[in-house]
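The values are calculated or read from the model by the stated rules, or taken from the named source; none is laboratory data. Here the structure is a predicted model, which means the values were calculated and not measured. Because the Cβ atoms are built from the backbone with ideal geometry, glycine has one as well, and the counts that use them run over all protein chains shown. Ligands, DNA and RNA are excluded from the accessible area calculation, which covers all protein heavy atoms including side chains. Shrake-Rupley method; radii C 1.70, N 1.55, O 1.52, S 1.80 Å.
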Amino acid sequence: MLFEQIARNKRHTVYVMAAFVVLVAIIGAAVGYVFFDSATAGLVMAVIVALVYTGIMIGQSTDVVMGMNHARELHSADDDPELWHIVEDMALVAKVPMPRVFIIDDESPNAFATGNNPEHAAVAVTTGIQARLNREEMEGVIGHEMTHVRNYDIRLQTIALALTAAISLLVNWGLNSFWWGGGRRRDNDRDSNGSIQILLMLLSVIVIVLAPLAASLVQMALSRNREYLADAGGVELTRNPKGLIDALTKIDDSQPMQQADPSSAALYISDPFKAKKTWTHLFETHPPMADRIARLEKM
């Protein structure tokens with residue numbers, strides 16, 4: 001059951017990332033059709049923008065993310081022996097290098113991992129999670145985060161953020177083109193293929209307008225899938241579903257964080273802002289905690 005779930009979640013992640021890339025291409029083609037009168041030119045532009053943004057995002061240091069979340073670093077086991085050794089043990093079991101360890105002064109229990117790769121990874125936990133969880137539960141949480149590191153989820157999320165930023169830039173270019181470039185196409189619409197061109201124009205406009213929403217949905221789907229996979233991986237590392245189940249139960253029964261940065265919300269093991277649940281989970285960065293716990297209980 002465990003390894004089947006891991007394999008299934010990995011396949012789903014590949015599908016979601018593929019959808020993200022296709023979405024960038026479609027948006028680029030739409031913007032190119034509106035702005036450059038060429039879908040091909042827009043596609044090339046989208047690829048260039050996506051590569052540039054990805055390179056910039058991957059090059060950002062862990063210190064930036066930790067700074068946005070007001071985290072302070074532990075430099076040795078002397079600073080917090082219990083936390084340090086739990087992270088050290090879980091990194092050893094996961095067969096990844098010891099990550100940098102940070103603490104966020106916040107009473108709400110939560111944690112996240114970040115970095116570009118396992119060699120440059122970092123883990124942060126709140127003072128609230130240290131206060132509420134026992135060692136068994138903390139091992140489940142850190143095992144969850146070590147799975148993110150081991151599976152390169154930390155880099156995957158970085159790429160997703162970069163593609164989202166690229167889509168935002170393309171959309172802005174497309175919308176601005178109506179003010180200083182769109183008239184050229186309206187003149188061309190008067191030829192014999194005017195009806196087809198008008199239809200293509202309308203479809204392009206619809207794509208451009210809905211692009212930010214679509215990008216957000218894909219990014220959220222990717223984030224939710226990563227959490228399911230990390231939960232399964234945490235159990236694989238600890239061989240103790242109960243530890244993570246109890247941890248998630250306590251984390252769910254808590255107040256929103258005060259120190260979390262909104263752009264980092266998807267990184268946390270649980271939604272740090274405790275967004276109000278709706279009839280649909282499409283707009284949530286994390287899967288429902290009840291669903292996560294139910295899956296763990298079946299292992």
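A few points about this structure:
- Any hit, the stretch 16-24, residues being aromatic (Phe, Trp, Tyr) and modelled with pLDDT of 75 or more: yes
- Of all residues making up the stretch 119-169, the number that are within 19 Å of Lys95 (Cβ to Cβ) and charged (D, E, K, R): 6
- Evaluation of Ile103 against the conditions (1) surrounded by 15 or more Cβ atoms within 10 Å (Cβ to Cβ); (2) in a helix (DSSP H, G or I) shows that the sole unmet condition is (2).
- Residue that is nearest to Ile167 (Cα to Cα) [pool: residues in the stretch 34-57 that are among the aromatic types (Phe, Trp, Tyr) and assigned to a helix (DSSP H, G or I)]: Tyr53
- Total residues in the stretch 202-246, condition of a type outside the set (A, V, I, L, M) and closer than 20 Å to Ile86 by Cα: 11
- Checking Asn69 against (1) closer than 19 Å to His148 by Cβ; (2) at pLDDT 85 or above; (3) open to solvent by 40 Å² or more (accessible area, probe 1.4 Å), the condition it does not meet: (3)
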